[in-house]
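Novice: Quick one: this structure, given as structure tokens, is what I'll be asking you about.
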Amino acid sequence: MRRLVIAAIAACLALPAASEEFNPPLEHMIVDYVRPAMAEFSKSSAMLPDAVSAVCSENKKAALTGFQEVFSETVRDFSRIHFLRFGPLVEEDRLSRLAFMPDPRGISMRQIRKIYAAQDPAVLSPETLRDKSVALQGLTALQLIAFNKYGEVVLGDSEETREFDCGYASAIAVNVASIANELNTEWADPKGYSSVLLSAGPDNERFRSSKEALETVFNALVTGVIVMRDQDILPALGTSAEKAKPRRFPFSRSRNGVDYLSSELSGIRDAIHSMDLKPLMSESDTWVLDTLGFEFKNAQSYLDKLTPPLRQTFGENGSYNLTAALAVTLGAIRDMMAQEVAGALELAGGFNALDGD
């Protein structure tokens, strides 16, 4: 009997922590990744309205450069939070309002042409723009009216449409900054969504256990890898190098394709690292996190060899094969997270963050 008891205790010690002990990784991620990332996105997007105003009022080289830099910084910071598809980001359709992606059929451009044909005044005010289609509201719409297909800033260039261009761009900029501020405020509030994640139990309508909360967060990270591979990269690769469509890379129109993908990858990696998951695993399983880190480094090495802007350089210097290898590596990362890491933590799978919260 004594041997059976000892064996049972040993088996328990080898298992991941009990359900009520899944709060630490959630708290680590909130404090060390989510809140700082939201704060950075709020900070960069808050500069957009002034950048739009400057390029529209002066249209000097300094203003053009300044706008491009602010837009690029905002896009990079957005890429580091867009995979957090739970809580504040999916409430009120904020994610789609910030960036309408993917858009393989060019819905945004078609809708923009319609509002220009009608000279719709509703898009000239942030208050009324919020009630329009999500395809007209965010960074993807601003990219279409502020940059030409060669990545040059053309906002304010046209005498014929200048007033409408700048009014619409200003409304988008204020709208994006407002949404980013909402996200930052809600995550910074200890009584906000953070408390929902960290107070799982019978009285919590969303999460009955901290393990369930962790499953939602972890599966959102897995979904982030899926989105990067299946939506951001594979459509651009096409079925062959001859049929590649580099314009399908996110934010490639504004020459931010490589930066967006790199920040997207590093964001997911940093979010996972911030959770400090090893204490929840048995010693025999912790190797999987080291291997996962190695795969992230491999993925980043492929991105580091790509030369922006992708719309102009894709297909040169082996970039197609590098990106294809990146897609394969992301598939390996996805499988490792969904199977090895989730298995070591005894987390349930099957939740798809693309379906909402």
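The values are calculated or read from the model by the stated rules, or taken from the named source; none is laboratory data. This is a predicted model, so every value here is computed, not measured. Cβ placement follows ideal geometry from the backbone for every residue including glycine, while neighbour counts extend to all protein chains displayed. For accessibility, only protein heavy atoms count, side chains too; no ligands or nucleic acids. Shrake-Rupley method; radii C 1.70, N 1.55, O 1.52, S 1.80 Å.
Novice: Modelling each spin label as a point 7 Å along the Cα-to-Cβ direction, I'd like the SER53/GLU160 distance in nm, to one decimal.
Specialist: It works out to 3.0 nm between the two label points.
Novice: I need the shape label for the range 117-257. Rule: rounded when a/c is under 1.5, else prolate if a/b > b/c, else oblate, with a, b, c from the alpha carbon gyration tensor. It would help to have the intermediate numbers written out before the result.
Specialist: Details: a/c = 3.30, a/b = 1.43, b/c = 2.32.
Judged from the Cα gyration tensor, the range 117-257 comes out oblate (a/c at least 1.5, b/c at or above a/b).
Novice: Compute the long axis of helix 287-304 from its Cα atoms, compare it with the longest principal axis of the Cα atoms of the chain, and write down the angle in degrees, 0 to 90, nearest 10.
Specialist: The answer is roughly 20 degrees.
Novice: Could you check the spin-label model distance between TYR116 and SER301? Points 7 Å from the Cα along Cα→Cβ, value in nm.
Specialist: Output for this residue pair reads 4.5 nm.
Novice: Another question, then. Please list 262-274, 204-216, 110-122 highest first by mean number of surrounding beta-carbon atoms within 10 Å per residue. The partial results should precede the final answer.
Specialist: On the way: 262-274: 21.2, 204-216: 18.5, 110-122: 13.8.
Highest mean packing first, the order is 262-274, 204-216, 110-122.
Novice: Report D for the range 37-154 in µm² per second (integer): Stokes-Einstein, Kirkwood Rh on Cα pairs, 4 °C, 1.567 mPa s. Before the final figure, lay out each step's value.
Specialist: Details: Rh = 15.1 Å.
Rounded to a whole number, D works out at 86 µm²/s.
Novice: Under 5 Å between amide H atoms, partner at least 5 residues away or on a different chain: which partners does PHE147 have, H built in plane at 1.01 Å?
Specialist: Counting only residues 5 or more places away or on other chains, the set is VAL154.
Novice: What number, in nm² with one decimal, is the all-direction average of the projected area of the convex hull of the alpha-carbon atoms of the chain? Mind dumping the intermediate values first?
Specialist: On the way: hull surface 79.7 nm².
Dividing the Cα hull surface by four gives the mean projection, 19.9 nm².
Novice: Tell me the angle of helix 257-274 to the major Cα principal axis of the chain, expressed in degrees between 0 and 90 and rounded to the nearest ten.
Specialist: 30
Novice: Give the span of the range 86-190's Cα atoms along each principal axis, as three whole-Å numbers ordered largest to smallest.
Specialist: 49, 27, 25
Novice: Further, regarding this structure: Calculate, for ASP290 and ASN317, the FRET efficiency according to 1/(1 + (r/R0)^6) with r their C-beta to C-beta distance and R0 41 Å; round to the nearest 0.05. Mind dumping the intermediate values first?
Specialist: Values: r = 31 Å, r/R0 = 0.77.
Here the calculated transfer efficiency is 0.85.
Novice: Follow-up question, since we're still on this one. Over all directions, average the projected area of the Cα convex hull of the range 220-277 and note it in nm².
Specialist: Details: hull surface 17.5 nm².
Reported value for the Cα convex hull: 4.4 nm².
Novice: Reachable aspartates and glutamates from LYS297, Cα under 14 Å, same-chain residues fewer than 8 places away excluded?
Specialist: In chain and number order, the partners are GLU264, ASP270.
Novice: Could you order the peptides 88-97, 237-246, 44-53 from most to least packed, using the average number of other C-beta atoms within 10 Å per residue?
Specialist: 44-53, 88-97, 237-246
Novice: So which of LYS149/LYS245; LYS278/LYS305; LYS243/LYS305; LYS211/LYS278; LYS245/LYS305 end up more than 23 Å apart, counting from Cα to Cα?
Specialist: Details: LYS149/LYS245 13 Å; LYS278/LYS305 31 Å; LYS243/LYS305 21 Å; LYS211/LYS278 15 Å; LYS245/LYS305 19 Å.
Correct reply: LYS278/LYS305.
Novice: How large is ³J(HN,Hα), in whole Hz, for each residue of the range 39-52 in order, when computed from phi with the Karplus curve 6.51 cos²θ - 1.76 cosθ + 1.60 and θ = phi - 60°, using x for Gly and Pro?
Specialist: The phi angles translate into 5, 5, 5, 5, 5, 5, 5, 5, 8, 4, x, 5, 5, 5 Hz.
Novice: I need the shape label for the range 61-114. Rule: rounded when a/c is under 1.5, else prolate if a/b > b/c, else oblate, with a, b, c from the alpha carbon gyration tensor. Walk me through the numbers on the way to the answer.
Specialist: On the way: a/c = 2.58, a/b = 1.21, b/c = 2.13.
Verdict is oblate for the range 61-114.
Novice: Just to verify a number: what accessible area does PHE218 come out at with the full protein assembly present, 1.4 Å probe, Å² rounded to tens?
Specialist: Counting only protein heavy atoms, the figure is 10 Å².
Novice: Hey, what angle do you get for helix 162-188 against the long axis of the chain, alpha-carbon based, 0 to 90 degrees rounded to 10?
Specialist: Between helix and principal axis, roughly 20 degrees.
Novice: Under the rule of -39500 (n - 2.57) per DSSP H run of 4 or more residues, summed and divided by the residues of the chain, what mean residue ellipticity at 222 nm is obtained, to the nearest 500 deg cm²/dmol?
Specialist: Working: 18 runs with 205 residues, N = 357.
Theoretical 222 nm ellipticity from helices: -17500 deg cm²/dmol.
Novice: Still on this structure, I have one more. Please state the equivalent ellipsoid semi-axes for the range 223-357: what are the square roots of 5 times the Cα gyration tensor eigenvalues, largest first, in whole Å? Walk me through the numbers on the way to the answer.
Specialist: On the way: eigenvalues 175, 46, 33 Å².
Output for the range 223-357: semi-axes of 30, 15, 13 Å.
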